[in-house]
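Shown next, in structure tokens, is the structure this report addresses.
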Amino acid sequence: MYQPLAQKEVIANQARKIYELEQALAAAKPRNHNQPRWQNYQEDRNTTDRFLACTLAFMALSAVLLLSDHSSLTALRTLSINLGGGKCLWTKAVALPANADVPRTLLVSYPGSGKRYVWRAVEGLTGFRVGDDWDHSEFGKHVATLKTSYPHMESDWNDGRSAWEPWVNDFANAAVVYIIRSPRNAIVNYYSMKQELALAQNWDSAHSRVGATYTYQARIAGWLKWRDDDQPDLYPLENRDRALIEIEEWGKNIDFWMNGGSNEPEKGVFCSYMTDCKPTVMLQFEKLFSNDNLVSEDEFDRMSQAMERPGLPIIEQEARHCVIRQTKGKKKWANQWDDRSRHGKGDNDEDKLFTTTQLNTMVLEIQRLLNIYSAGAWATDPNAQILVTALNEYKTDITEEWNVAQSTGR
């Protein structure tokens, strides 16, 4: 009879062997030209033997995984393996089994706020693939975690009830993870994605360009044109720069989720089908993405705690910091991993500037949000407190850039 716990131990043991062999291989001594040739030969042979043993161990692990009973969530959880002592084996996420009913999670934010990086971290934490409301991932609607930019226009759910209703039953009790990022960087990042998708206006056109996403940074000339265009085809009643529109949309996205959709009755109908549409946890992208491991680990812990509910198998606490460190490190060899995969290809995002008017509008929008979420009942709300801290940081940074822009006549 199949025993999932016994299988878990087999896989974990194989993974530990791989790790130990890799460590031994990494510690192999370099060739010493001052010692006898026969001794160098023996050390080279030992290194080769270790390499072959590591390869065989990996093949054994792969065989165990392929022969796994994938109806068992316990078995699937071992795909992100706790090696003990704060070490882990980060492996590719898998589809949620068809008969699995696990607690769901929504990853929400304004577009360009780092959802891709966050869902990479979530996949490392849970072992299950993350879907998207457009289903460009083609993982279907049966997923444990879903990312969306709703109610921004870049969400498929803006097509109305027929678009979001298929998700509602599974995600009615979902935890909501809200990701905030400075508008100065989020809007630029959003444009890079739009450019990679060739400014597609429909699902088919966008889907045909999915392979180009997270591959290069957009050119400055295209950025300036898009930034200052009033986009009459998309916003026929507006007479403002696209950047000004997006600054407002950035703030509206925060308002929508902080208020559980109550501030936009028409779009907020979606929230009426959820137990609680407000954020379970507010994450700051800059902290989760930080080069300081202590900062990113603390933010990852907050996300993990919000997602951790009975029935959702996530990796043990002692291995979670390893997961976020490896998520950050994957970009060194994995294509289209996250924002960093664009670096060095195209024009740097830091060189995509805003006008003094646009920067001032950002500061005013941030101040509007600060006035709301630092007062009254919000003053003691844990998510509002995190939001206010992040907003103050953004206000300081953008004000400094605004001062520079003014002094240079930008």
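Spin-label model, Thr380/His142: points 7 Å from Cα along the beta carbon direction are separated by 4.5 nm.
Work out the FRET efficiency for Glu400 and Asp230 from their Cβ-Cβ distance, taking R0 = 30 Å, and round it to the nearest 0.05.
Values: r = 28 Å, r/R0 = 0.94.
Using R0 = 30 Å, I get an efficiency of 0.60.
Ordering of 187-196, 251-260 by packing is 187-196, 251-260, highest average first (other Cβ atoms within 10 Å, averaged per residue). Pairs with C-alpha atoms separated by more than 18 Å, drawn from the list Lys115/Lys328; Lys194/Lys278; Lys194/Lys225; Lys115/Lys352; Lys115/Lys147, are Lys194/Lys278; Lys115/Lys352. Taking region 246-272 and a reference point 7 angstrom along Cα→Cβ of Met153, the backbone N atoms nearer than 18 Å belong to 246-254, 267. Amide H contacts of Gln217 (H built 1.01 Å from N, in plane; Pro and chain starts excluded): Lys345, Gly346, Asp347 sit under 5 Å, all sequence-distant by 5 or more or on other chains. Among the GluC sites (Glu not before Pro) within region 92-169, which fall in a DSSP loop and have no more than 16 other Cβ atoms within 10 Å of their own Cβ? Here the sparse-neighbourhood loop sites are Glu138.
If you sort the three axes of the alpha carbon gyration tensor as a ≥ b ≥ c, you get a/c of 1.5 or more for region 110-151 and a/b no higher than b/c, which makes it oblate.
FRET efficiency for Gln367 and Tyr273, Cβ-Cβ distance as r, R0 = 41 Å, nearest 0.05? Once the sixth-power term is evaluated, E becomes 0.75.
Close amide-amide hydrogen proximity is noted between Val281 and Val176, Tyr178, each under 5 Å apart and 5 or more residues distant or on a separate chain (H modeled in the peptide plane; Pro and chain starts excluded).
Run the numbers for Arg410 and Asn173: contour at 0.36 nm per residue of separation, minus the present Cα-Cα distance, in nm.
Values: separation 237, 0.36 × 237 = 85.32 nm, distance 4.80 nm.
In short, 80.5 nm is gained.
Values quoted throughout were computed directly from the atomic coordinates according to the rules given, and no laboratory measurement underlies them. Predicted, not measured: the structure shown is a model, and the values here were computed from it. Cβ atoms come from the backbone with ideal geometry, glycine included; neighbour counts cover every protein chain shown.
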